[in-house]
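Participant: Below is one structure. I have some questions about it.
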Amino acid sequence: MLKDLASGIQHVGIPTIDINKTVDFYQGLGFDLAFSTTDDSGNLDVAFLKLKNLVIETYQEGTELSQTGSINHIAIDVNDVEEVFKKLMEKNYDILDKEINFLPFWQNGVKFFTIKGPNNEQIEFSEML
């Protein structure tokens, strides 16, 4: 039904209890702050962060972390997974994998590793071979 109407993912929403920490985290990964606002009541802070065609919307609504559904991870395509792994190790990101993983997915396989974000979200860095 949407095949001819959809053009891609618009954004991924990540709730947070500390919007400044979350914005800083993603900016440290190379995302740019594309837009931020607070609603008229002052109860909702929202920020959109962009890295090429990936947009993350993070939002803070009070001090409780809201949970709606289940998404295991967000994967970011990279050209050199070893270099990204090295740089994030040097910057002390919370890397969940001790080494770069390989799976025989797609035509030639994929190398990847995963880090944990400030809201316990998992961000995978993936190089298709």
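Every residue, every condition in (1) closer than 17 Å to E127 by Cβ; (2) within 17 Å of the chain's Cα centre (by Cα); (3) not small (G, A, S), yes or no:
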{"site": "T16", "(1), (2), (3)": "no, yes, yes"}
{"site": "F31", "(1), (2), (3)": "no, yes, yes"}
{"site": "L49", "(1), (2), (3)": "no, yes, yes"}
{"site": "K52", "(1), (2), (3)": "yes, yes, yes"}
{"site": "V55", "(1), (2), (3)": "no, yes, yes"}
{"site": "Q107", "(1), (2), (3)": "yes, no, yes"}
{"site": "F112", "(1), (2), (3)": "yes, yes, yes"}
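Participant: While we're here: Within the group K98, K87, which residue is surrounded by fewer than 12 Cβ atoms within 10 Å (Cβ to Cβ) and outside the structural domain of G28 (by TED's automatic domain parsing)? Before you say what the answer is, go through the steps one by one.
Facilitator: On the way: K87 fails: surrounded by fewer than 12 Cβ atoms within 10 Å (Cβ to Cβ).
Criteria check complete, one pass: K98.
Participant: Exactly one of (1) in contact with a strand residue (DSSP E or B) (Cβ under 8 Å, 6 or more places away or on another chain); (2) without any contact (Cβ under 8 Å) to a residue 40 or more places away in the chain is unmet by D77. Its number?
Facilitator: Evaluating D77 over (1) in contact with a strand residue (DSSP E or B) (Cβ under 8 Å, 6 or more places away or on another chain); (2) without any contact (Cβ under 8 Å) to a residue 40 or more places away in the chain leaves (2) as the failure.
Participant: Okay, next question. Within the stretch 119-129, can you find the residues that are surrounded by 13 or more Cβ atoms within 10 Å (Cβ to Cβ) and either over 16 Å from G30 (Cβ atoms) or acidic (D, E) (or both)? Steps first, answer last, please.
Facilitator: Pass one, the stretch 119-129, residues surrounded by 13 or more Cβ atoms within 10 Å (Cβ to Cβ): 119, 121-128.
Passing the criteria: N119, E121, Q122, E124, E127, M128.
Participant: Looking at K98 and the list (1) out of contact with any strand residue (DSSP E or B) (no Cβ under 7 Å at 6 or more places or on another chain); (2) closer than 24 Å to M128 by Cβ; (3) in contact (Cβ under 8 Å) with a residue 12 or more places away in the chain; (4) outside any helix (DSSP H, G or I), which single condition is not satisfied?
Facilitator: Tallying (1) out of contact with any strand residue (DSSP E or B) (no Cβ under 7 Å at 6 or more places or on another chain); (2) closer than 24 Å to M128 by Cβ; (3) in contact (Cβ under 8 Å) with a residue 12 or more places away in the chain; (4) outside any helix (DSSP H, G or I), K98 fails exactly one: (3).
Participant: Out of all the residues in the stretch 20-47, which are in a strand (DSSP E or B), of a type in the set (G, A, S) and surrounded by fewer than 17 Cβ atoms within 10 Å (Cβ to Cβ)?
Facilitator: First pass over the stretch 20-47, keeping only residues in a strand (DSSP E or B): 32-38, 45-47.
Applying the additional criterion that residues be of a type in the set (G, A, S) yields 34, 36, 47.
Scanning the stretch 20-47 gives A34, S36.
Participant: I've got another one for you. List every residue pair whose Cβ atoms sit under 8 Å apart, with the two residues 6 or more apart in sequence or on different chains, where the first one lies in the stretch 8-21 and is in contact (Cβ under 8 Å) with a residue 24 or more places away in the chain and the second, anywhere, is in a helix (DSSP H, G or I) and not acidic (D, E).
Facilitator: That search, which allows pairs on different chains as well, returns I14/T22; T16/T22.
Participant: Right, next: Inspect all residues belonging to the stretch 6-19 and state whether any of them is surrounded by fewer than 12 Cβ atoms within 10 Å (Cβ to Cβ) and either modelled with pLDDT of 95 or more or of a type in the set (D, E, K, R) (or both).
Facilitator: No: the stretch 6-19 contains no residue that is surrounded by fewer than 12 Cβ atoms within 10 Å (Cβ to Cβ) and either modelled with pLDDT of 95 or more or of a type in the set (D, E, K, R) (or both).
Participant: Given K50, K111, which one is of a type outside the set (D, E), free of Cβ contacts under 8 Å to residues at least 40 places away in the same chain, in a strand (DSSP E or B) and under 22 Å from S36 (Cα atoms)?
Facilitator: Numbers: K111 fails: under 22 Å from S36 (Cα atoms).
Result of the check over K50, K111: K50.
The values are calculated or read from the model by the stated rules, or taken from the named source; none is laboratory data. Worth saying up front: this structure is predicted, and the values here are computed from it rather than measured. Every residue, glycine among them, receives a Cβ derived from its backbone with ideal geometry; neighbour counts consider all protein chains shown.
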